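Readers should treat all values here as calculations from the given coordinates under stated rules, not as data from a laboratory. Nothing here was measured: the structure is a model prediction, and the numbers come from that model. Cβ sites come from the backbone with ideal geometry, for glycine too, and all protein chains shown count toward neighbours.
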Amino acid sequence: MTTEPRVLEALRTVIDPEMGIDVVELGLVYGIDVHPAGTVDIRLGVTSPACPLGDYLCETAEDAVRAAVPEVRGVTVDLVLDPPWTPARMTAEARRRLGWPDQG
């Protein structure tokens, strides 16, 4: 059975090349829907609407899920720009790795 935690773990292998941090830690995963038919829909954001890596991140995310969750019957990754990404979406660990202050 495909589960959201397995999909999320697969997405942890997708590294934003500009930031050097995975899309989960960056808060770029806006949603995951696992359907009974074995398909998965993922909503993925980018750090800026002008980011040239949107297609790359979507393709890499699809490949990562297909490799890590082989029983998945279909993966759709949609690039979303609304709501806009902000640094507040990042985990504390991602902020620390970038040398940014804690939002505490």
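Being farther than 19 Å from residue 15 by Cβ, out of contact with any Pro (no Cβ under 8 Å at 6 or more places or on another chain) and surrounded by 13 or more Cβ atoms within 10 Å (Cβ to Cβ) is true for just one of 41, 78, 63. Which residue is that? Explain how you work it out, then say what you get.
Values: 78 fails: surrounded by 13 or more Cβ atoms within 10 Å (Cβ to Cβ); 63 fails: farther than 19 Å from residue 15 by Cβ.
Unique residue meeting the criteria: 41.
One line per residue, one yes/no per condition, for (1) in contact with a Phe, Trp or Tyr (Cβ under 6 Å, 6 or more places away or on another chain); (2) under 20 Å from residue 95 (Cβ atoms); (3) part of a helix (DSSP H, G or I); (4) β-branched (Val, Ile, Thr):
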site	(1), (2), (3), (4)
8	no, yes, yes, no
33	no, no, no, no
36	no, no, no, no
67	no, no, yes, no
71	no, no, no, no
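Can you tell me how many residues in the stretch 66-75 are surrounded by 12 or more Cβ atoms within 10 Å (Cβ to Cβ) and not small (Gly, Ala, Ser)? Spell out how you get there, then give the answer.
Step one: of the stretch 66-75, the residues surrounded by 12 or more Cβ atoms within 10 Å (Cβ to Cβ) are 66, 68-69, 72, 74-75.
Next, from what is left, pick out any that are not small (Gly, Ala, Ser): 66, 69, 72, 75.
Total satisfying the criteria: 4.
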Exercise for the section: Among residues belonging to the stretch 10-31 that are touching an Asp or Glu at 6+ places or on another chain (Cβ under 9 Å), assigned to a loop (DSSP other than H, G, I, E, B) and among the charged types (D, E, K, R), point out the one that is surrounded by the most Cβ atoms within 10 Å (Cβ to Cβ). Expected result: 25
Completion exercise
Looking across the stretch 44-60 at residues that are under 14 Å from the mean Cα position of the chain (by Cα) and of a type in the set (A, V, I, L, M, F, W, C), the single one that is nearest to residue 15 (Cα to Cα) is 57
